[in-house]
Amino acid sequence: MSKRGFIWARSTTSAVIYTAALALTAIAAPQKQPPLVLTNITIVDVLSGAPRRPATVLINNGRIVGISSDGKLAIPAGAQVIDGSGKYLIPGLADMHNHLGSGLPIAGDTFSENLASLLNWGITTVFCPGITMQDYREVRKAVAADPLKYPHFYSAGNVFTAEGGFDPSQGQASLRPNTPEEAREQVRAMKAAGVDAIKMIMDSGASGGRPAKVLLKPEIYAAIIAEAHKLGLKAIVHVPELQDAKAVLRSGADGLIHAVFSDRVDAEFLQLMKQNHAFYISTSALEENMSGTAEWVAKLAEFDDRGRIPSSSYAMFRQPAVLEQIRTRLGVQPKEMIGYVRWNIKAVHDAGIPVITGTDTGVPGVLLGVSSVMELALHVEAGLTPRETLRSATYEAQRMMGQERKVGTVEVGKIADLVILDANPLDDIRNVRRVNRVIRGGIVVGLSPLASGEVPMKSSN
């Protein structure tokens, strides 16, 4: 496999940087598994926030088939039973803007290994909005060969940008149509390749302290959006400038893959978002990183209080040469940007528009795994409640992909993508880092090493 550029770089060898530090051990699922029963566990309802008494949850053939708080749910013979006393059950989390890089300032390794490692953090769904088609095919192949080893994987494949436009892939994963017909042909080719959405970049660099970049012409992005809709694909946009965001929304864009950080969003923007039934992906982790990488990485290190990523990885971002390289690529961000990002998340949410968690992992400083979980804490810092944030990271993420009837809540009939936590995330959203077990498709795929003095959960076959 070829190396990748600095922004969408592959991580250094996982065995060196990450595997030794993972707090969970992902395992391949056997072909057949007995039913799984969770007893005495408190379910977190991400839709209503209503308190739930400790319950028994029965999982069979990859789905939740029974939930009971009255002790009358029959446990099948031969079931694997896990005592969830004092534990909390949430739906699997999502990172809907993740390029599968490590976020370290070095290249190497495969994206599929990085994807698999995200299960260790409770991430069971990932949307990758930009990747070379070679890497796209390789990740798809890996997931198809052993689905439960990986989160659900969605991707836009190559991105659309203008000739002379902003392109973080440095030409390796971009399409640059010059006419509406060429744009439509390229959308059809992406559909034939099996992508899950079409992504455009509309980033002039005006709010990022970077040199000015060319934008897609209106007739080009209108053709991309129209052809995507004709083929049943959503058209999503990287567009940090408020005026540019409103322009693509007027042409029917379905969602923003980044937060707007040039200004506070206005009434017209909110109305266009509602009119389009559009979604808004936060990428607060990226914006925090762009405002000061050294400070952001120190914040991640503090959040990672179980030391799941080696201190040597965090220490890379104290090196002046590394920080200068990142500043050169990302630009020098105005201090008011973070204020706009936080204000806009709250304003968009309060307007009834779906806000969805995403990080832009792969950008140096937006570190694999820990940033995906930290994003939830940043939503609460922006003014959302823990329950609203959990909904953003579960149900709303699945709704973005049209999968909310299959997964994203703890309900009978849903796919059993679940996370068992050691502490209540409704009390403190930072408790989402307290992962005890991860369940993917009804199979326990991650087991937490016990912290000092922790009482193990009882399990029997």
Original post:
Out of (1) more than 22 Å from Y395 (Cα to Cα); (2) in a loop (DSSP other than H, G, I, E, B); (3) hydrophobic (A, V, I, L, M, F, W, C); (4) in contact with a helix residue (DSSP H, G or I) (Cβ under 9 Å, 6 or more places away or on another chain), the odd one out for V187 is which?
Top reply: (2)
Subject >> Failed criterion for F166 (all others in (1) closer than 27 Å to S282 by Cα; (2) out of contact with any His (no Cβ under 9 Å at 6 or more places or on another chain); (3) open to solvent by 30 Å² or more (accessible area, probe 1.4 Å) hold) >> reply: (2)
Subject >> Residue ID - least open to solvent (accessible area, probe 1.4 Å), chosen from residues in the stretch 97-130 that are of a type in the set (A, V, I, L, M) and at pLDDT below 95 >> reply: L104
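For the stretch 349-373, which residues satisfy the criterion of being in a helix (DSSP H, G or I) and crowded, with 24+ Cβ neighbours inside 10 Å? Give the steps one after another, and end with the answer.
The initial filter retains those residues of the stretch 349-373 that are in a helix (DSSP H, G or I), namely 349-350, 370-373.
Of everything in the stretch 349-373, those that are in a helix (DSSP H, G or I) and crowded, with 24+ Cβ neighbours inside 10 Å turn out to be V370, S371, S372, V373.
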Original post:
Looking at the stretch 297-321, which of the residues that are surrounded by 22 or more Cβ atoms within 10 Å (Cβ to Cβ) and touching a Gly at 6+ places or on another chain (Cβ under 8 Å) is nearest to A245 (Cα to Cα)?
Top reply: V297
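Determine whether L47 is at pLDDT below 80 and closer than 30 Å to R405 by Cβ. Give the derivation first.
Values: at pLDDT below 80: no; closer than 30 Å to R405 by Cβ: yes.
Here the answer is no, as L47 does not meet what is asked.
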Subject >> Failed item in (1) under 20 Å from T357 (Cα atoms); (2) open to solvent by 50 Å² or more (accessible area, probe 1.4 Å); (3) not aromatic (F, W, Y), with S284 passing the rest >> reply: (2)
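Is the stretch 153-163 home to any residue that is without any contact (Cβ under 8 Å) to a residue 60 or more places away in the chain, crowded, with 21+ Cβ neighbours inside 10 Å and of a type in the set (S, T, Y)?
Restricting attention to the stretch 153-163, the residues satisfying the condition of being without any contact (Cβ under 8 Å) to a residue 60 or more places away in the chain are 153, 155, 157-158, 161-163.
With the extra rule that they be crowded, with 21+ Cβ neighbours inside 10 Å, the set shrinks to 153, 155, 157-158, 161-162.
Filter once more, keeping what is of a type in the set (S, T, Y): 155, 161.
Checking the stretch 153-163: at least one residue is without any contact (Cβ under 8 Å) to a residue 60 or more places away in the chain, crowded, with 21+ Cβ neighbours inside 10 Å and of a type in the set (S, T, Y).
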Subject >> Complete set of residues in the stretch 181-222 that are more than 20 Å from V363 (Cα to Cα), open to solvent by less than 40 Å² (accessible area, probe 1.4 Å) and not small (G, A, S) >> reply: Q186, V187, M190, V195, I198, L216, I220, Y221
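Look through R437, R387, R391, R399 and report the one residue that is part of a helix (DSSP H, G or I), buried (at least 21 other Cβ atoms within 10 Å of the Cβ) and of a type in the set (D, E, K, R). Even if it seems obvious, please write down each step before you answer.
Working: R437 fails: part of a helix (DSSP H, G or I); R387 fails: buried (at least 21 other Cβ atoms within 10 Å of the Cβ); R399 fails: buried (at least 21 other Cβ atoms within 10 Å of the Cβ).
Residue meeting the stated conditions: R391.
A quick yes/no check of all residues on (1) within 22 Å of P168 (Cα to Cα); (2) in contact (Cβ under 8 Å) with a residue 40 or more places away in the chain:
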residue: G339; (1), (2): no, no
residue: W343; (1), (2): no, yes
residue: P354; (1), (2): no, yes
residue: T361; (1), (2): yes, yes
residue: P364; (1), (2): yes, yes
residue: L368; (1), (2): yes, yes
residue: S371; (1), (2): yes, yes
residue: A377; (1), (2): no, yes
**OP:** For residues that are buried (at least 16 other Cβ atoms within 10 Å of the Cβ) and among the small types (G, A, S), scanning just the stretch 51-72, find the one that is nearest to T39 (Cα to Cα).
**Re:** A55
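Results for (1) more than 16 Å from D83 (Cβ to Cβ); (2) out of contact with any strand residue (DSSP E or B) (no Cβ under 8 Å at 6 or more places or on another chain), shown as yes or no for each residue.
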residue: P35; (1), (2): no, no
residue: V44; (1), (2): yes, no
residue: A50; (1), (2): yes, yes
residue: T56; (1), (2): no, no
residue: G66; (1), (2): yes, no
Original post:
Could you give every pair whose Cβ atoms fall below 8 Å, whose first residue belongs to the stretch 76-90 and is assigned to a strand (DSSP E or B) and open to solvent by less than 40 Å² (accessible area, probe 1.4 Å), and whose second residue is among the small types (G, A, S) and at pLDDT below 95, counting only separations of at least 6 or pairs across chains?
Top reply: Q80/S459; Q80/S460; V81/S459; V81/S460; I82/S459; D83/S459
**OP:** Tally the residues that are over 19 Å from M374 (Cα atoms) and of a type outside the set (F, W, Y), restricting the search to the stretch 268-323.
**Re:** 18
**OP:** Identify, by number, the condition in (1) within 18 Å of the chain's Cα centre (by Cα); (2) of a type in the set (V, I, T); (3) open to solvent by less than 10 Å² (accessible area, probe 1.4 Å) that V380 doesn't meet.
**Re:** (3)
Original post:
Which numbered condition trips up K230, out of (1) open to solvent by 60 Å² or more (accessible area, probe 1.4 Å); (2) under 24 Å from the mean Cα position of the chain (by Cα)?
Top reply: (2)
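The values are calculated or read from the model by the stated rules, or taken from the named source; none is laboratory data. The structure presented is a predicted model; accordingly, all values stated were derived computationally and were not measured. As a convention, Cβ positions derive from the backbone with ideal geometry for all residues, glycine included, and neighbour counts pool all protein chains shown. Just so you know, the surface numbers come from the protein's heavy atoms only, side chains and all, with ligands and any DNA or RNA stripped out. Shrake-Rupley method; radii C 1.70, N 1.55, O 1.52, S 1.80 Å.
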